[in-house]
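**Q** Sharing a structure below in structure tokens format, with a few things to ask.
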Amino acid sequence: MTSSVFQSKLIDLQSNLLNFAYMLTSNRDDAYDLLQDTTIKVIESEDKYVDNVNFKGWVFTIMRNIFINNYRKMSRQATVVDTTEDLYHLNLPQESGFETPEGSFAAKEISDAINSFDDDYRIPFSMHVQGYKYNEIAEKMNLPLGTVKSRIFFARQRLQEMLKDYAY
């Protein structure tokens with residue numbers, strides 16, 4: 001496919017891409033930003049496109065992946081890293097209300113509840129909250145993946161049960 005045909009096909013998809021971007025972001029300005037990022041990425045990746053691949057599907061996949069990567073980046077930026085000595089406190093979003101007396105009390109209760117767990121449940125749960133993936137936790141703790149998942153599940157259930165009075 002020649003470069004002019006490639007660009008023509010991309011231009012023809014712009015309205016469909018904008019609709020898809022709006023569906024993903026639910027915000028007009030963010031949708032235009034996503035459309036622009038996608039268009040730039042597609043043009044930069046023109047040499048990677050294979051003629052026998054569905055062009056529209058390829059472009060939409062690029063847009064979806066850009067959206068997912070941006071979302072993950074924003075999620076990571078919204079987390080405060082735990083710098084306490086024991087590293088077992090929950091990482092709280094920056095707008096957590098931790099600065100208020102009520103927020104401080106609730107965070108302390110959550111932390112105390114987690115610290116009351118046996119190491120078998122506390123360590124994998126804390127690692128999961130810190131952003132480790134299940135397979136990373138299983139590897140570091142030398143446990144089967146299913147065991148790690150079930151321990152995190154049971155720790156979450158126990159935490160919900162212990163803190164059910166704090167539910168709004």
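**Q** Take SER45 and decide whether it is of a type in the set (Ser, Thr, Tyr) and within 30 Å of VAL129 (Cα to Cα).
**A** No, not satisfied.
**Q** Among the residues that make up segment 87-107, is at least one of them aromatic (Phe, Trp, Tyr), at pLDDT 65 or above, touching a helix residue (DSSP H, G or I) at 6+ places or on another chain (Cβ under 9 Å) and buried (at least 16 other Cβ atoms within 10 Å of the Cβ)?
**A** no
**Q** Taking interchain pairs and intrachain pairs at least six residues apart, which have beta carbon atoms under 8 angstrom, with the first residue in segment 1-24 and closer than 15 Å to ILE62 by Cβ and the second open to solvent by less than 70 Å² (accessible area, probe 1.4 Å) and outside any helix (DSSP H, G or I)?
**A** Close Cβ pairs satisfying both conditions: PHE6/TYR49.
**Q** Another question, then. What is the residue count in segment 14-49 for residues that are more than 15 Å from ASN69 (Cβ to Cβ), outside any helix (DSSP H, G or I) and not aromatic (Phe, Trp, Tyr)?
**A** 2
**Q** Do we have SER75 as surrounded by 12 or more Cβ atoms within 10 Å (Cβ to Cβ) and at pLDDT below 85 here?
**A** no
The values are calculated or read from the model by the stated rules, or taken from the named source; none is laboratory data. Every value quoted in this text rests on a predicted model; they were computed, and no experiment measured them. Please note: Cβ atoms are built from the backbone with ideal geometry, for glycine as well, and neighbour counts cover all protein chains shown. In case anyone asks, the SASA skips ligands and DNA or RNA and just uses the protein heavy atoms, side chains included. Shrake-Rupley method; radii C 1.70, N 1.55, O 1.52, S 1.80 Å.
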